[in-house]
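The values are calculated or read from the model by the stated rules, or taken from the named source; none is laboratory data. Since the model is a prediction, treat every value here as computed from it, not as a measurement. All Cβ positions, glycine included, derive from the backbone under ideal geometry; neighbour counts span all protein chains shown.
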Amino acid sequence: MHICTRARNIRSTNPIGTPLYSPHSFASSTCLFRQSLGRYTSALTSYATLIATLYTHHFLFLRSIQGSLQDIVQWLVYSPHCLRICKMDEKKVELGQLKPEEVDASIGVGEELNASGHKQELEQNFSLLSLCAIGITTGNVWAALGGSIVIALYNGGPAGVIYEFIAVALCYFMIAACIAEMASSIPSSAGVYHWASVTAGARFGKVIGFYAGWWNSLGWIFGTASISSILANQVVSMYGLFHPEYVFQRWHVFIAYLIITWISCFIVMFANRALPKLTNIGLFFILLGVFITIMVCAIMPSKTGKGYASTEFVFREWQNQTGWSSNGFVFCAGMLNGAFAVGTPDCVSHLAEELPSPRRNIPLAILAQYTVGFITAFLYLITIFYSVNDLSTLFSNPWPFPLAELYRQATNSHGGSLGLLLVIFFPTFCTNIGCYITSGRMLWTLGRDDATPWPKWVARVDPRWGNPWNATLACGVINMVLGCIYIGSSTAFSAFVGSFIVLSSMSYLAFILPNILSRRRHVTKGPFTMPDPVFYTVAGLACAYMVVWIPIYCFPFAVPFDTTTMNYTSALVGGVTILLGGWYLRIKNRGYVGPRALVDALENGEMPKVH
């Protein structure tokens, strides 16, 4: 495995992939402690500097996150794990002297990985801070809302968008809590694929886990395509702002889509060791971008003389432009746009094998992701709606990314609109990279359990680049094919990318509902475990939301509808599920067993052993 010169001098890897420090780095136990202390103190200092900068710009809500991370860093430095390492006999620390079991017990890592029974292959490049960064970056709630804001306005206007977002965010907070608990119990890069295999029991776990894994994997691939599409439309709209004679053509978006797709994919494939730093940069762009956007949209209307929208318009005025007669149904259907923005609660769980102490760190990263995501998006929505004075032009403008017109109204200039589009473009591009990280890892975990075509090729971890290179490449190829579909039919393309929420929700339901029905008897407790009354309330409401809203999200967006405006999500999801059923029967007859360690334990009537 290729290791850079600097890394070779300070670290090596044992046969099962557990990081070990070289004898030169362990001249004494005191040196080890100082290195650990220095590493975490450096991370805390960098984060504190960022927090201090944002605090001066009125980001008071981040103070709670700063305090939480300070507590976490203190725990990491002064925990029994660290103290135990410091007390170890120096002779045993020499490279190759420790047995794998002793190393795992000391560091607190090995026993938490590979619930599927596979050897450790991925490097542990991510820390708690970079994990929080990738969660916030991949979620990027405010930018995702901005990308679909005009479509959302049909379902109730500004007031509808705000209240629908609050409602769906509460639902996804409950789903995220269930995911955090399972990640704390069974930390695996396979995520819902393994969890559904466990919670459904020995009899049904294999088939339900198979479906959950594929639904989740396809959902992430389609979601990645949707983000690439948003970015491509942004590029074309930025060009159109300064070229009034421009005539929109779908192939223009297709070219931009391909360029963005492969740049994002290649970054994940060839820059694996740089991903933690890139996600930290992405976090900075996201926080800086939302701050700049909020400040510009809050100040410019008073400077241009156009003034602000009324509170009645922003919070009370209901505008139903869908054609559906029931406002209640319009509200429920409109929650889809908010779900697209917040519907990524499992993204950090797919990095469980690439960071230390995933049982504790993944739930904390999910909490940071949803706290920062909700607050930034809520403030963003309120600010931009107060800066809008003419909704009709948003629906009739010729650009493929209507947010450009909204920003033009807020700033009263094409240059200001371009600046704000660039501010949202860079964070969204970082989101696209995060989506490729997640989709590639998820497909890779299916391949290593022989659940995909050409499983050995899909499951291969490239020894030079240290990541699931082939699986990530496959995701890029699939998204390129989806882009070709867009040239032929934008309706068909919309059906694929629009199925992201339905497919991912079905995968979550596949492990949460069996966990309720089995009364959690198949799951061991982790550091984050909800008390029974809290769990059954939270999980029950989460399941109720998904059972009711999945069919609603398959209804046409507006009436009357025809073949070009029909919502084909139900047909796509149904067709994919049928095809997966045929594939399952094929591989089952060829010996498919699912996640081996978990399935074997369940079939023997044992609790799954993940540590």
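Here are a few things to note about the model shown:
- Ala105 meets all of the listed conditions (1) in a loop (DSSP other than H, G, I, E, B); (2) modelled with pLDDT under 65 but one, namely (1).
- Residues of the range 559-592 classified as part of a loop (DSSP other than H, G, I, E, B) and either surrounded by fewer than 17 Cβ atoms within 10 Å (Cβ to Cβ) or among the β-branched types (Val, Ile, Thr) (or both), total: 11
- Test result for Gly328, under 15 Å from the mean Cα position of the chain (by Cα) and within 24 Å of Tyr163 (Cβ to Cβ): no
- All positions within the range 188-230 that are over 20 Å from Tyr436 (Cα atoms) and crowded, with 24+ Cβ neighbours inside 10 Å: His194, Trp195, Ala196, Ser197, Val198, Thr199, Ala200, Gly205, Gly209, Phe210
- Annotation note: of Thr529, Thr491, the sole residue that is surrounded by fewer than 23 Cβ atoms within 10 Å (Cβ to Cβ), modelled with pLDDT under 95 and under 29 Å from Asn125 (Cα atoms) is Thr529.
- Qualifying residue in the range 416-427 (condition: β-branched (Val, Ile, Thr) and closer than 30 Å to His350 by Cβ): yes
- On the stretch given as the range 152-209, residues that are touching a helix residue (DSSP H, G or I) at 6+ places or on another chain (Cβ under 8 Å), under 19 Å from Tyr553 (Cβ atoms) and assigned to a helix (DSSP H, G or I) total 18.
- Among the residues of the range 188-225, those identified as polar (S, T, N, Q) and either at positive phi or touching a Lys or Arg at 6+ places or on another chain (Cβ under 9 Å) (or both) are Ser189, Ser197, Thr199.
- Applying the set (1) under 22 Å from the mean Cα position of the chain (by Cα); (2) in contact (Cβ under 8 Å) with a residue 40 or more places away in the chain; (3) part of a helix (DSSP H, G or I) to Gly447 leaves exactly one unmet item: (2).
- For the range 433-478, a residue qualifies if it is more than 20 Å from Ser504 (Cβ to Cβ) and among the hydrophobic types (A, V, I, L, M, F, W, C), and the qualifying residues are Trp454, Trp457, Val458, Ala459, Val461, Trp465, Trp469, Leu473, Val477.
- Among residues of the range 326-338 that are closer than 17 Å to Ala544 by Cβ, none has a beta-carbon under 6 Å from a residue that is basic (Lys, Arg) and surrounded by 15 or more Cβ atoms within 10 Å (Cβ to Cβ) at least six positions away or on a different chain.
- Single residue of the range 293-308 satisfying the filter (surrounded by fewer than 16 Cβ atoms within 10 Å (Cβ to Cβ) and aliphatic (A, V, I, L, M)) that is farthest from the chain's Cα centre (by Cα): Ile299
- Within the range 553-597, the residues that satisfy the criterion of being of a type in the set (D, E, K, R) and farther than 27 Å from Val497 by Cβ are Arg586, Lys588, Arg590, Arg596.
- Being β-branched (Val, Ile, Thr) and either farther than 21 Å from Gly488 by Cα or surrounded by 20 or more Cβ atoms within 10 Å (Cβ to Cβ) (or both) holds for only one residue in Val236, Val247, and it is Val236.
- Boolean, Met506 is of a type in the set (A, V, I, L, M) and in contact with a His (Cβ under 6 Å, 6 or more places away or on another chain): no
- Qualifying positions in the range 556-586 - aliphatic (A, V, I, L, M), at pLDDT 90 or above and within 29 Å of the chain's Cα centre (by Cα): Ala571, Leu572, Val573, Val576, Ile578, Leu579, Leu580
- The set of residues in the range 299-308 being touching a residue at least 24 places away in the same chain (Cβ under 8 Å) and part of a helix (DSSP H, G or I) consists of Met300, Pro301, Thr304.
- The single condition among (1) under 23 Å from Ser229 (Cβ atoms); (2) within 23 Å of the chain's Cα centre (by Cα) that Val372 does not meet is (1).
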